[in-house]
1. Note down the net charge around K142, summing +1 for each Lys or Arg and -1 for each Asp or Glu among other residues with Cβ under 10 Å from its Cβ.
2. Please identify every one of the trypsin sites (Lys or Arg not before Pro) in the stretch 106-158 that sits in a loop by DSSP and has no more than 11 other beta carbons within 10 Å of its own beta carbon.
3. Per DSSP helix of 4 or more residues, -39500 (n - 2.57); summed, then divided by the residues of the chain. What does that give at 222 nm, rounded to the nearest 500?
4. Using the Cα centre of the chain as origin and beta-carbon charges of +1 (Lys, Arg) and -1 (Asp, Glu), tell me which of L33, N117, M73 is placed farthest towards the positive end of the dipole.
5. Counting only residues 5 or more places away or on other chains, whose amide H sits under 5 Å from the amide H of Y19 once H atoms are built in the peptide plane?
6. Past the 32 Å Cα-Cα mark, which pairs from K104/K139; K49/K104; K104/K148; K11/K148; K12/K102; K49/K102?
7. Let me check I have the definition right: for the stretch 110-172, take the eigenvalues of the Cα gyration tensor, multiply each by 5, take square roots. What are those semi-axes in whole Å, largest first?
8. Any idea what the relative contact order of the chain is, in percent, if you count C-alpha pairs under 8 Å spaced at least 6 apart?
Amino acid sequence: MNGFEFLELVKKRQSTRGYSPAPVEEEKLNRCLEAARLAPSACNAQPWKFIVVDQTELRHQIAQATSSRVLNMNHFTMQAPILVVVVMEKANFSSSVGQVLKDKEYPLMDIGIAAENFCLQAVAEGMGTCILGWFDEPKVKKLLNIPKNKRIPLIITLGYPSSEEIRPKRRKEITEIVSRNGY
């Protein structure tokens, strides 16, 4: 893959909020998980665990925990054939020391990188994803038997988009976000 092809992949990556009922092939799911597994992390801590939720009733219960009737959001999660719950695991010693000394949440950064690797691989496989941060974390923990002392920073929906449309990206101009040799 050349630089142009990668940029085209990035341009196709969007938050999918409508899914077809087509099932996700196991080999495609496994490639997405492998892309996440191979993500870099601070001091190679790999502070993540991915819980694949594909059993229909459990998936619907998790999807309900992501929906908000008050704000009318995330109802599309019921359509996604797979939900991937990302659990933050304890960082290794080196990363943990770095967190304290530098006052930075390395595990959250690491999980963001792994999640985007997962999502970019999904695009390469012809699928869509949406990374969710809005959900009832205690309810999800209970449904999946996740220990109370663990955190769930993200849930990722996965499936085939119900539409082929690639929406235009509304982003700041490059001149607004890049400077050289100073702020």
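Read-outs throughout are calculated quantities, based only on the coordinates presented, and are distinct from any laboratory measurement. Keep in mind that what you see is a predicted model, and the values were worked out from it rather than measured. Here Cβ is always computed from backbone atoms with ideal geometry, including for glycine, and neighbour counts include all displayed protein chains.
1. Taking every other residue near K142 into account, the sum is +1.
2. Details: sites: K139, K141, K142, K148, K150, R151; in loops: K148, K150.
Answer by residue number: K148.
3. Working: 7 runs with 74 residues, N = 183.
My calculation for the chain gives -12000 deg cm²/dmol from helical runs alone.
4. Value computed over the given set: M73.
5. The list, which skips near neighbours in sequence, is S162.
6. Details: K104/K139 28 Å; K49/K104 20 Å; K104/K148 23 Å; K11/K148 38 Å; K12/K102 35 Å; K49/K102 24 Å.
Those over the limit are K11/K148; K12/K102.
7. Working: eigenvalues 143, 36, 29 Å².
Ellipsoid half-lengths, sorted descending, are 27, 13, 12 Å.
8. After rounding, I find 34 percent.
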